Amino acid sequence: MADVKTIIEPFDEAGDAAFRVTASSLPEVFTGCGLALSNLILPRAEPGGVCRPGLGTPAMRRIKLAAPDLESLLVGFANEVVFLFDSEAFVPMQFRFHELTYMERDEGEGSARFEAEADGIVLTEDAIHSAADQGAILGLVPKAASYHMIEVAELADGRWTARLVLDA
Amino acid sequence: MSSVWKGPLEMIDEFRWRIPSHYKQGMRADAVVVTDSEGLEVARDGEALEQLANSACLPGISGPALAMPDIHSGYGFPIGGVGAMRLEDGVITPGGIGFDINCGVRLIRTNLELADATPKVKSWIDRLYRDVPSGLGTRGPIQLSASEVRKVLERGAQWAVHSGYGSEADLECTEDGGKMEAADSAAVSARAMERGMPQLGTMGSGNHFVEIQVVEEVSAPDVAKVLEIHENQIVMMIHTGSRGLGHQVCTDYLATMNAALKKYGITVPDRQLACAPFESPEGQRYYAAMACAANFAWANRQCITHWVRQASAREFGSTPESLGMTLLYDVCHNIAKIEEHCVDGRPRRLCVHRKGATRAFPPGHKDVPAAYRGVGQPVIVPGDMGRNSYVLVGTQKAMEVSFGSTCHGAGRLMSRNEAMKAQSPAQVRQSLAQAGVYARAASKSALAEEAPEAYKDVNDIVDITHKAGISIKVARLRPLGVVKG
């Protein structure tokens, strides 16, 4: 489950899916974004909540990304979640971020980076297809994260906030 | 997050409105919206007009940045945006094409009449729902080796036809013959191929569909005769694109282009408009990858056409040939192409970006199939699943005012969230049934997200394009049954 201080606020943008996440630290903001995205794909009572049993096999995936800035890093992270679902039906349920760092500098790439582990499930083909027929489990599956209105920023009170718009 | 446009809009004529290039710093050309005064009020809502002004900031833009009457907010360009860039000093941008590269639509004729189809619509749609792979996480029945995958990317619909999924006649009635020559599969990432290739021959989710429709009204009988359509005839429409492969190509090259901005000293008002000079290595590589995704989409629609023909033949205990299931035309509405247009009285080759806009070439144009050259390029415009769709043809006026472009559909009015809050899928199914439309959907929320009320009325959009002269109405189609992704 997301940290209790994490606030996830969906909003309407360009017809697709979008949300703002505010949390006490940068890793928690990224975690909140990942869980909000995961909850769009496989809706549960709350982001990071459990899904009903029997839908898939527990699995863990490692994600390692670098980008020139935090906004690109967040877009890359969201696209990684989209890719993992589209390519192998993996739905993350929890994230552990390691070494999420950002070095502000004028030039050069790789000034923002992280390594993370995502715990989740690989949905079975039966689960996906029964869902399709019965309208049972899958929700809105974004196909890409956009740079549209992208924002990652530290607030005056020391918390962090991010805004992400997804193409669905 | 919605806003209302408060910037300048100058009337050029009854159907064209200008945002002058002095509106904001960085604009290199005017921006022009093709719509009427009522459509303009709708366009003011949201960010679409600001996005249109942003697209006029791109280096090398030739003439105004344009928006078609179905303009609405997108990412980078607005949906309905058209931007023509000079090859020598202009850019190419994934944000002017969209994530679903070569999302498009095709129309298949049948020799069935309304009376033949009416008693069978339910079982026919149920069969199409079973036989045409659709929806989320769907894997298609086509298994390909790595070398075969590259052939699909480089040969497009030609690969599909030569693999038994159609005929040469299909290729003649597909934009560009279903293949962009610029494709180079080496420009497509392994990740894009991994994501997309299991999905060849699948419809996908969102607003993609297969519909059974009837030709409700013919408004240009002479043109309709050439296009071989008549009132009460049953036709079938397919709307889909390049699936995960196209999205991944766009995603990959947005990162490439964001890095290229600094290299080439380009400033853009929106990172989704990240771009590179067309002639640069990054620009050429993206164009080659985009062409691969376009080819994938054409192969995809061609394979789906095959499943649709097979399913329909089984339903009627016949064959596709006996049912007269020939392709009228296939158009793409998210793409960039090199085309020749007249600029300041001289022919120039331009990279024309169309994002949610359809090519609409006039009678006599060399790129219009020989069979249609006397009447102009067919334009297939899908509406929502409760109202109408249209067959139009392109015009010389479109060449003069919109780089040979017209609208692509109805355009959204509500976000998916708003639409889902407004009605449940069951309510939408019931109201469609009352309107005589039988609907099946693969994903949980598709019917509610795609409810007719979530869209502008395509009749209004098409009326504007007709009156503005950028395309001519030929036939109005009415849905009888729909399979939604």
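Within the stretch B:233-259, restricting attention to residues that are of a type in the set (S, T, N, Q), buried (at least 19 other Cβ atoms within 10 Å of the Cβ) and within 13 Å of chain A (Cβ to nearest Cβ), which residue is nearest to B:Leu200 (Cα to Cα)? Give the steps one after another, and end with the answer.
Applying the first criterion (of a type in the set (S, T, N, Q)) to the stretch B:233-259 yields B:233, B:240, B:242, B:248, B:251, B:256, B:258.
Then keep just the ones that are buried (at least 19 other Cβ atoms within 10 Å of the Cβ); that gives B:233, B:240, B:242, B:248, B:251, B:258.
Those still in the list that are within 13 Å of chain A (Cβ to nearest Cβ) too: B:240, B:242, B:248, B:251, B:258.
Working: B:Thr240: 11, B:Ser242: 8, B:Gln248: 15, B:Thr251: 19, B:Asn258: 29 Å.
Filtering the stretch B:233-259 for residues that are of a type in the set (S, T, N, Q), buried (at least 19 other Cβ atoms within 10 Å of the Cβ) and within 13 Å of chain A (Cβ to nearest Cβ), the one nearest to B:Leu200 (Cα to Cα) comes out as B:Ser242.
Going through B:Cys351, B:Cys292 one at a time, which residue ends up being crowded, with 17+ Cβ neighbours inside 10 Å and outside the structural domain of B:Gln377 (by TED's automatic domain parsing)?
B:Cys351
Would you please name the residue that is farthest from A:Arg113 (Cα to Cα), looking only at residues in the stretch A:155-168 that are more than 13 Å from the chain's Cα centre (by Cα) and in contact (Cβ under 8 Å) with a residue 12 or more places away in the chain?
Only one residue fits best here, namely A:Ala168.
Determine which single condition B:Arg412 fails, assuming it passes every other condition in (1) at pLDDT below 95; (2) in contact with a strand residue (DSSP E or B) (Cβ under 9 Å, 6 or more places away or on another chain); (3) open to solvent by less than 20 Å² (accessible area, probe 1.4 Å).
The one condition B:Arg412 does not meet is (3).
Considering only residues that are within 14 Å of chain A (Cβ to nearest Cβ) and touching a Gly at 6+ places or on another chain (Cβ under 6 Å), look in the stretch B:85-101 and name the one that is surrounded by the fewest Cβ atoms within 10 Å (Cβ to Cβ).
Per the stated criteria, the residue is B:Asp100.
From B:Lys225, B:Lys262, grab the single residue that is surrounded by fewer than 20 Cβ atoms within 10 Å (Cβ to Cβ), in a helix (DSSP H, G or I) and within 11 Å of chain A (Cβ to nearest Cβ).
From the options B:Lys225, B:Lys262, the qualifying one is B:Lys262.
Of everything in the stretch B:265-275 that's within 14 Å of another protein chain (Cβ to nearest Cβ), aliphatic (A, V, I, L, M) and in contact with a Cys (Cβ under 9 Å, 6 or more places away or on another chain), which residue is farthest from A:Met149 (Cα to Cα)?
Our first condition is that a residue be within 14 Å of another protein chain (Cβ to nearest Cβ); within the stretch B:265-275, this holds for B:265, B:268-275.
From the residues that got through so far, the ones that are aliphatic (A, V, I, L, M) too are B:268, B:273-274.
Filter again for in contact with a Cys (Cβ under 9 Å, 6 or more places away or on another chain), leaving B:268, B:273.
Details: B:Val268: 14, B:Leu273: 12 Å.
Once the filter is applied, the top-ranked residue is B:Val268.
Six or more apart or on different chains, Cβ under 7 Å: which pairs go from a residue in the stretch B:54-78 that's away from chain A (no Cβ under 14 Å) and touching a residue at least 12 places away in the same chain (Cβ under 8 Å) to one that's open to solvent by 10 Å² or more (accessible area, probe 1.4 Å) and of a type in the set (Ser, Thr, Tyr)? Could you list them?
Qualifying pairs under 7 Å: B:Ala56/B:Ser21.
For the stretch B:406-439, what are the residues that are within 10 Å of another protein chain (Cβ to nearest Cβ) and not in a helix (DSSP H, G or I)?
Answer for the stretch B:406-439, where residues must be within 10 Å of another protein chain (Cβ to nearest Cβ) and not in a helix (DSSP H, G or I): B:Gly411, B:Arg412, B:Leu413, B:Met414, B:Ser415.
I need the full set of residues from the stretch A:3-18 which are open to solvent by 10 Å² or more (accessible area, probe 1.4 Å), closer than 28 Å to A:Ala156 by Cβ and of a type in the set (A, V, I, L, M, F, W, C), in order please.
A:Val4, A:Ile7, A:Ile8, A:Phe11
Working only within the stretch B:18-39, note down all residues that are hydrophobic (A, V, I, L, M, F, W, C) and either assigned by TED's automatic domain parsing to the domain that holds B:Val462 or not in a loop (DSSP other than H, G, I, E, B) (or both).
Once the filter is applied, which keeps residues that are hydrophobic (A, V, I, L, M, F, W, C) and either assigned by TED's automatic domain parsing to the domain that holds B:Val462 or not in a loop (DSSP other than H, G, I, E, B) (or both), the stretch B:18-39 yields B:Ile19, B:Ala31, B:Val32, B:Val33, B:Val34.
Where residues in the stretch B:153-181 are within 20 Å of the chain's Cα centre (by Cα) and outside any helix (DSSP H, G or I), which of them is nearest to B:Gly244 (Cα to Cα)?
B:Gly156
Being β-branched (Val, Ile, Thr), more than 14 Å from chain B (Cβ to nearest Cβ) and either part of a loop (DSSP other than H, G, I, E, B) or closer than 20 Å to A:Val141 by Cβ (or both): is that true of A:Thr57 here?
In short, yes.
Only one of B:Arg130, B:Arg109, B:Arg150 is assigned to a strand (DSSP E or B), among the basic types (Lys, Arg) and either open to solvent by 20 Å² or more (accessible area, probe 1.4 Å) or assigned by TED's automatic domain parsing to the domain that holds B:Glu211 (or both); which? Full working, then the answer.
Working: B:Arg130 fails: assigned to a strand (DSSP E or B); B:Arg150 fails: assigned to a strand (DSSP E or B).
So the residue among B:Arg130, B:Arg109, B:Arg150 that is assigned to a strand (DSSP E or B), among the basic types (Lys, Arg) and either open to solvent by 20 Å² or more (accessible area, probe 1.4 Å) or assigned by TED's automatic domain parsing to the domain that holds B:Glu211 (or both) is B:Arg109.
Of the residues B:Arg16, B:Arg28, B:Arg44, only one is touching a Cys at 6+ places or on another chain (Cβ under 9 Å) and open to solvent by 10 Å² or more (accessible area, probe 1.4 Å); which?
Among B:Arg16, B:Arg28, B:Arg44, only B:Arg28 is touching a Cys at 6+ places or on another chain (Cβ under 9 Å) and open to solvent by 10 Å² or more (accessible area, probe 1.4 Å).
Could you identify the single residue in B:Arg191, B:Arg195 that is open to solvent by less than 10 Å² (accessible area, probe 1.4 Å), of a type in the set (Lys, Arg) and in contact with a Phe, Trp or Tyr (Cβ under 9 Å, 6 or more places away or on another chain)?
Residue meeting the stated conditions: B:Arg195.
Scan the stretch A:19-31 for residues that are open to solvent by less than 10 Å² (accessible area, probe 1.4 Å), assigned to a helix (DSSP H, G or I) and either more than 16 Å from A:Asp119 (Cα to Cα) or touching a Gly at 6+ places or on another chain (Cβ under 9 Å) (or both) and report the count.
Qualifying residue count for the region: 1.
Just a yes or no: is a residue in the stretch B:419-430 over 22 Å from B:Ser134 (Cβ atoms), without any contact (Cβ under 8 Å) to a residue 40 or more places away in the chain, open to solvent by 40 Å² or more (accessible area, probe 1.4 Å) and among the aliphatic types (A, V, I, L, M)?
yes
Could you list, in sequence order, the residues of the stretch B:295-326 that are open to solvent by 30 Å² or more (accessible area, probe 1.4 Å) and closer than 16 Å to B:Arg106 by Cα?
Once the filter is applied, which keeps residues that are open to solvent by 30 Å² or more (accessible area, probe 1.4 Å) and closer than 16 Å to B:Arg106 by Cα, the stretch B:295-326 yields B:His306, B:Trp307, B:Thr326.
Here is a yes/no grid of residues against (1) more than 11 Å from chain B (Cβ to nearest Cβ); (2) of a type in the set (Lys, Arg); (3) more than 27 Å from B:Ser205 (Cα to Cα):
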| position | (1), (2), (3) |
| --- | --- |
| A:Ala78 | no, no, no |
| A:Arg113 | yes, yes, yes |
| A:Ala116 | yes, no, yes |
| A:Asp126 | yes, no, no |
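How many residues does the stretch A:19-38 hold that are closer than 19 Å to A:Leu138 by Cβ and either in contact with a strand residue (DSSP E or B) (Cβ under 6 Å, 6 or more places away or on another chain) or without any contact (Cβ under 8 Å) to a residue 60 or more places away in the chain (or both)? Give the derivation first.
Quick first cut of the stretch A:19-38, residues closer than 19 Å to A:Leu138 by Cβ only: A:19, A:34-38.
Among the residues that remain, those that are also either in contact with a strand residue (DSSP E or B) (Cβ under 6 Å, 6 or more places away or on another chain) or without any contact (Cβ under 8 Å) to a residue 60 or more places away in the chain (or both) are: A:19, A:34, A:36, A:38.
Here the count works out to 4.
With touching a helix residue (DSSP H, G or I) at 6+ places or on another chain (Cβ under 8 Å) and within 11 Å of another protein chain (Cβ to nearest Cβ) as the only criterion, which of A:Ala67, A:Ala23 stands out?
A:Ala67
I need the full set of residues from the stretch A:87-124 which are at pLDDT below 90 and either open to solvent by 80 Å² or more (accessible area, probe 1.4 Å) or among the aromatic types (Phe, Trp, Tyr) (or both), in order please.
Across the stretch A:87-124, the qualifying residues are A:Glu99, A:Tyr102, A:Met103, A:Glu104, A:Arg105, A:Asp106, A:Glu107, A:Glu109.
On the basis of being touching a helix residue (DSSP H, G or I) at 6+ places or on another chain (Cβ under 8 Å) and not assigned by TED's automatic domain parsing to the domain that holds B:Ser389, does B:Ala157 make the cut?
Considered against the rule, which asks whether it is touching a helix residue (DSSP H, G or I) at 6+ places or on another chain (Cβ under 8 Å) and not assigned by TED's automatic domain parsing to the domain that holds B:Ser389, B:Ala157 comes out as no.
The values are calculated or read from the model by the stated rules, or taken from the named source; none is laboratory data. Here the structure is a predicted model, which is why all the values come from computation and not from measurement. All Cβ positions, even for glycine, are placed from backbone atoms using ideal geometry, and neighbour counts span all protein chains on display. Just so you know, the surface numbers come from the protein's heavy atoms only, side chains and all, with ligands and any DNA or RNA stripped out. Shrake-Rupley method; radii C 1.70, N 1.55, O 1.52, S 1.80 Å.
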